[in-house]
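The values are calculated or read from the model by the stated rules, or taken from the named source; none is laboratory data. Note that the structure is a prediction, hence the values are computed from the model and not measured. Cβ placement follows ideal geometry from the backbone for every residue including glycine, while neighbour counts extend to all protein chains displayed. Just the protein is used for accessible areas: all its heavy atoms, side chains included, with ligands, DNA and RNA removed. Shrake-Rupley method; radii C 1.70, N 1.55, O 1.52, S 1.80 Å.
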Amino acid sequence: MTDKTKTANAARQEWMGLLACAPEEELIALLDEIGAPPSFQWLRHPEVGGVMVRGRTGGTGAPFNLGEMTITRCSLALQDGTIGHGYVQGRSKRKAEIAALVDALMQTDAAGDVRARVIAPLGQQMQTAKTTRAAKAAATKVEFFTMVRSED
């Protein structure tokens, strides 16, 4: 695998992660700013299913099955043949469709516009939410200390 391919894969993982985690209402609002979505053909209509979520103790231990999670996935092809995939948590077929559409558009000449109007604002909103959540958690932090008894 070349460095160019690794960079392209990392960029795609980043935007697909943002699309998967973004609130559906935000995706719909941002997609509306782009205008009418291009026509496409379904390769796989949105379908709901389940996946096994695995974890590791301490992030380094042996993997174990943590539990199941519901996901919705779909695949579509734009008129020019570009293929987009959408995988999202939950049962929202509309969100999976939007994720697949944006994924496909990010692989076309429209990528710059889509990045500026959808991906960048989503990234900013997600970072703001993360910072707010971290600030709330930090406000509840409790400092413990130990007092040593003197032997008088």
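Of the options (1) 1.41; (2) 0.98; (3) 1.26, only one is Cα Rg over 2.2 N^0.38 Å as computed from these coordinates, and that is (1).
Remark: spin-label model distance Thr146-Met126 equals 4.2 nm, labels positioned 7 Å along the Cα→Cβ axis. Cross-link partners of Lys93 among lysines, defined as those whose alpha carbon lies under 29 angstrom from its own and excluding same-chain residues fewer than eight positions apart: Lys130.
Leaving ligands, DNA and RNA out of it, report the carbon-plus-sulfur percent of the accessible area of the chain at a 1.4 Å probe. Exposed carbon and sulfur together represent 53 percent of the surface. Qualifying trypsin sites (Lys or Arg not before Pro) in region 70-152, where qualification requires a DSSP coil assignment and no more than 13 other C-beta atoms within 10 Å, comprise Arg91, Lys141, Arg149.
One decimal place: the segment Glu68-Val51 gains 5.6 nm when fully extended, by the rule 0.36 nm per residue minus the C-alpha distance.
Computed over region 43-138, relative contact order equals 20 percent, with contacts defined as Cα pairs under 8 Å that lie 6+ residues apart.
A 1.4 Å probe run over the chain, with the rest of the protein chains in place, finds 69 Å² accessible per residue. From a point 7 Å beyond the Cα of Arg44 in the direction of its Cβ, which residues of region 95-124 have a backbone N at a distance under 13 Å? In region 95-124, the label zone of Arg44 (backbone N under 13 Å from the point 7 Å along Cα→Cβ) covers 97, 100. Looking only at chymotrypsin sites (Phe, Trp or Tyr not before Pro) in DSSP loops with at most 15 other Cβ atoms within 10 Å, what is the longest site-free stretch of the chain? Between exposed loop sites, the widest span is 1-143. Counting only residues at least eight positions apart within a chain, or on another chain, the lysines with an alpha carbon under 29 Å from that of Lys136 are Lys95.
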